Amino acid sequence: MKKRERADVVRKRLGELYPDPPIPLHHRDPFTLLVAVILSAQCTDKKVNEITPALFNAASTPEMMQQLGEPRILEIIRPLGLSKQKAKNLAAMSAMIVEEFGGQVPRNFADLESLPGVGHKTASVVMAQAFGIPAFPVDTHIHRLAQRWGLSSGKNVGQTEADLKRLFPEELWNKLHLQIIFYGRECCTARGCDGTRCNLCQELYPNRKKPVVCRKP
């Protein structure tokens, strides 16, 4: 099976399994989504969703977050990993949105990535999930599965993103990245599958016997 044929199988199977995948991080608008994505670094979405209701009740806009201040932000998000750096980033990011972007989350990659704590993956999530602009955020699940499914060499996250964008139609990117995430969490997990066990890995590579050693992002 050639790479593009494998991509077609992936698209079809994931479309059957997850026809309308929800956004995993709970949010109210682009700003609260941006905050939740920043908090999700090295944390599970479940844990972030447990913390954000209290944070958003205290500050749900850039102006309110700026006024809340770093010490109080830290107090609320302390159960999350990297909480000190995240609190610092949230305070600085909110102030920058207020002072340089009129209190509105910017709708382009360059401005988003200029914000403290916002890298390309975070910007991609916001562009895709908040604004509906085609993007293909690559997290650890997508990076792993792209290698197991023979869709990318996995040399680095940037290469994985570029490979997937070439293989799938642009209009599918926003939904497909969520579908892959859900499949990676539920079926083709880091320890539960090694490229030979889950249904999709077996369909794509029926004769594969050796585990796939994936490059880390």
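The values are calculated or read from the model by the stated rules, or taken from the named source; none is laboratory data. As the structure is a computational prediction, the values presented were derived from the model and not from experiment. All Cβ positions, glycine included, derive from the backbone under ideal geometry; neighbour counts span all protein chains shown.
With respect to the stated conditions, Asn57 fails to be of a type in the set (S, T, N, Q), in contact with a helix residue (DSSP H, G or I) (Cβ under 7 Å, 6 or more places away or on another chain) and assigned to a helix (DSSP H, G or I). Set side by side, the residues Ser94, Ser153 differ, and just one is hydroxyl-bearing (Ser, Thr, Tyr) and at pLDDT 95 or above, which is Ser94.
Quickly run through region 59-88 and pick out the residues that are among the polar types (S, T, N, Q) and closer than 19 Å to Asn49 by Cβ. Hits for region 59-88 are Ser60, Ser83. Against the test of being under 17 Å from Met127 (Cβ atoms) and either hydrophobic (A, V, I, L, M, F, W, C) or surrounded by fewer than 18 Cβ atoms within 10 Å (Cβ to Cβ) (or both), the options Leu204, Leu178, Leu167, Leu200 yield a single qualifying residue, Leu178. Can you spot a residue in region 52-69 that is modelled with pLDDT of 95 or more and within 28 Å of Leu172 (Cβ to Cβ)? The answer is no, given that none of the residues of region 52-69 is modelled with pLDDT of 95 or more and within 28 Å of Leu172 (Cβ to Cβ).
Only residues that are buried (at least 21 other Cβ atoms within 10 Å of the Cβ) and either farther than 19 Å from Pro217 by Cα or touching a Cys at 6+ places or on another chain (Cβ under 9 Å) (or both) were counted across region 129-145, and they come to 4. Of the residues making up region 66-79, those that are free of Cβ contacts under 8 Å to residues at least 24 places away in the same chain and crowded, with 22+ Cβ neighbours inside 10 Å number 1. Can we say Lys84 is basic (Lys, Arg) and assigned to a helix (DSSP H, G or I)? For Lys84, the condition - basic (Lys, Arg) and assigned to a helix (DSSP H, G or I) - is met. Before we move on, is Val48 under 27 Å from Arg166 (Cα atoms) and at pLDDT 95 or above? No. If you check Gly192, Gly150 for being of a type outside the set (D, E, K, R), closer than 25 Å to Gln42 by Cα and either touching a residue at least 24 places away in the same chain (Cβ under 8 Å) or out of contact with any strand residue (DSSP E or B) (no Cβ under 6 Å at 6 or more places or on another chain) (or both), only one passes: Gly192.
Of everything listed in (1) over 28 Å from Leu164 (Cβ atoms); (2) touching a residue at least 60 places away in the same chain (Cβ under 8 Å); (3) not hydrophobic (A, V, I, L, M, F, W, C), the single unmet condition for Thr122 is (1).
Would you confirm whether or not region 36-50 contains a residue that is over 17 Å from the mean Cα position of the chain (by Cα), surrounded by fewer than 17 Cβ atoms within 10 Å (Cβ to Cβ) and without any contact (Cβ under 8 Å) to a residue 60 or more places away in the chain? Yes, region 36-50 contains at least one residue that is over 17 Å from the mean Cα position of the chain (by Cα), surrounded by fewer than 17 Cβ atoms within 10 Å (Cβ to Cβ) and without any contact (Cβ under 8 Å) to a residue 60 or more places away in the chain. Take the conditions surrounded by fewer than 19 Cβ atoms within 10 Å (Cβ to Cβ) and in contact (Cβ under 8 Å) with a residue 40 or more places away in the chain and apply them to Leu82. Does it pass? In short, yes. Comparison of Leu25, Leu14 shows that the only residue that is within 30 Å of Glu63 (Cβ to Cβ) and either in contact with a helix residue (DSSP H, G or I) (Cβ under 6 Å, 6 or more places away or on another chain) or part of a helix (DSSP H, G or I) (or both) is Leu25.
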